[in-house]
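Notes for the one structure printed next.
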Amino acid sequence: MKQSIKPNIHINSCKSKVIAIQRKEISSSFSYAGLITNCSTVNDKEVQTISKALGWLKNTKTIKLEFKDSKEMTDKGLRCISEGLRRLSSVHTFNLNLSGCDRISEEGMKNLAEGIKRMKFLRKFNLNLHGCSKIGDQGIKYLKESIQDLALLQDITINFSGCYHLTDDGAGMIIESFRRPFVIRSIQFQFSFLGNITVQTGIKMSKGLRKLTFLENLSLRYHKCGNLSTDIDQGKDILAESVANMINLKKINLDFEG
């Protein structure tokens with residue numbers, strides 16, 4: 001018997017989502033096109049409930065989780081999300097907004113990475129860490145190691161703005177995530193309000209970019225990075241040189257603002 005296909009699940013408050021799951025209104029009997037939440041006041045207990053729904057959506061192609069400004073969400077909540085992601089093998093698009101979740105640390109990134117690396121069919125990944133001030137280079141290392149296992153990944157967008165402990169090592173490391181560089185089509189990274197970033201980030205980034213010969217879209221934004229302000233022109237020149245031979249590049253945005 002052919003399985004029924006339902007459209008995206010849109011839940012605009014965490015309380016209603018918890019109720020829906022408890023009533024089993026989300027059922028494993030159906031294949032949902034996607035799970036989309038918008039929860040701005042979520043806590044770890046509610047995240048645990050939401051993560052249960054992920055296990056019921058085994059044929060889902062799209063997961064979009066919005067936890068912006070969830071001040072009560074911690075590393076424990078990300079561990080719950082990770083456990084839910086491990087049960088998903090068919091997701092093509094995963095969007096996770098943790099902007100303003102300032103209680104998440106590098107341990108949380110380690111938890112999240114364990115789930116991401118099991119999403120073997122992931123093609124598009126969007127992660128917003130804006131304002132996650134406790135995340136630094138080690139957290140980015142966990143993330144890089146998880147991305148390396150995603151052989152089909154084509155499109156990646158990450159916002160690192162406000163991750164104040166991030167240095168040149170971490171910011172440059174993320175470009176080393178791609179073991180199959182010929183697959184990558186789009187990269188969008190944003191680094192803003194990072195006092196430890198210097199022109200060395202651009203140098204590290206340029207070395208990785210030279211391997212991405214089939215890249216079609218590139219956006220690198222550096223705003224209000226104090227130690228970069230005196231070397232903006234040098235940073236632009238270094239990155240521009242690294243993309244000069246990308247014959248498939250259709251769109252490029254190298255945005256520096258001191």
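Some observations on this one:
- Condition check for SER161: touching a Gly at 6+ places or on another chain (Cβ under 9 Å) and in contact (Cβ under 8 Å) with a residue 60 or more places away in the chain: yes
- Check on LEU228, surrounded by 19 or more Cβ atoms within 10 Å (Cβ to Cβ), in contact (Cβ under 8 Å) with a residue 12 or more places away in the chain and under 23 Å from the mean Cα position of the chain (by Cα): no
- SER177 vs. criteria in contact (Cβ under 8 Å) with a residue 40 or more places away in the chain, closer than 23 Å to GLY235 by Cα and among the small types (Gly, Ala, Ser): no
- Those residues of segment 108-146 which are farther than 14 Å from LEU96 by Cβ and of a type in the set (Phe, Trp, Tyr), in sequence order: PHE121, TYR142
- Restricting attention to segment 49-78, the residues that are touching a strand residue (DSSP E or B) at 6+ places or on another chain (Cβ under 8 Å) and not basic (Lys, Arg) add up to 15.
- Boolean, ASP149 is surrounded by fewer than 19 Cβ atoms within 10 Å (Cβ to Cβ) and under 29 Å from ASP102 (Cα atoms): yes
- Which listed residue is surrounded by fewer than 21 Cβ atoms within 10 Å (Cβ to Cβ), of a type outside the set (Val, Ile, Thr) and touching a strand residue (DSSP E or B) at 6+ places or on another chain (Cβ under 8 Å), from SER206, SER192: SER192
- Failed criterion for ASN128 (all others in (1) over 11 Å from the mean Cα position of the chain (by Cα); (2) buried (at least 21 other Cβ atoms within 10 Å of the Cβ); (3) modelled with pLDDT of 95 or more hold): (1)
- Members of segment 227-250 that are at pLDDT 80 or above and either in contact with an Asp or Glu (Cβ under 7 Å, 6 or more places away or on another chain) or hydroxyl-bearing (Ser, Thr, Tyr) (or both): SER242, ASN248, LEU249, LYS250
- Exclusive hit being more than 22 Å from GLN190 (Cα to Cα) and crowded, with 18+ Cβ neighbours inside 10 Å, set MET73, MET109: MET73
- Checking each residue in segment 179-211 for being within 29 Å of LYS120 (Cβ to Cβ), at pLDDT 85 or above and not charged (D, E, K, R) picks out VAL183, ILE184, SER186, ILE187, GLN188, PHE189, GLN190, PHE191, MET205, GLY208, LEU209.
- For segment 31-55, the set of residues classified as modelled with pLDDT of 70 or more and either closer than 27 Å to ARG123 by Cβ or among the aromatic types (Phe, Trp, Tyr) (or both) consists of VAL42, VAL47, ILE50, SER51, LYS52, ALA53, LEU54, GLY55, listed by residue number.
- Restricting attention to segment 235-258, the residues that are closer than 13 Å to ARG185 by Cα and exposed (fewer than 12 other Cβ atoms within 10 Å of the Cβ) add up to 4.
The values are calculated or read from the model by the stated rules, or taken from the named source; none is laboratory data. As the structure is a prediction and not an experimental result, all values here were calculated from the model. So basically every Cβ, Gly included, is an ideal-geometry build from the backbone, and we count neighbours across all protein chains shown.
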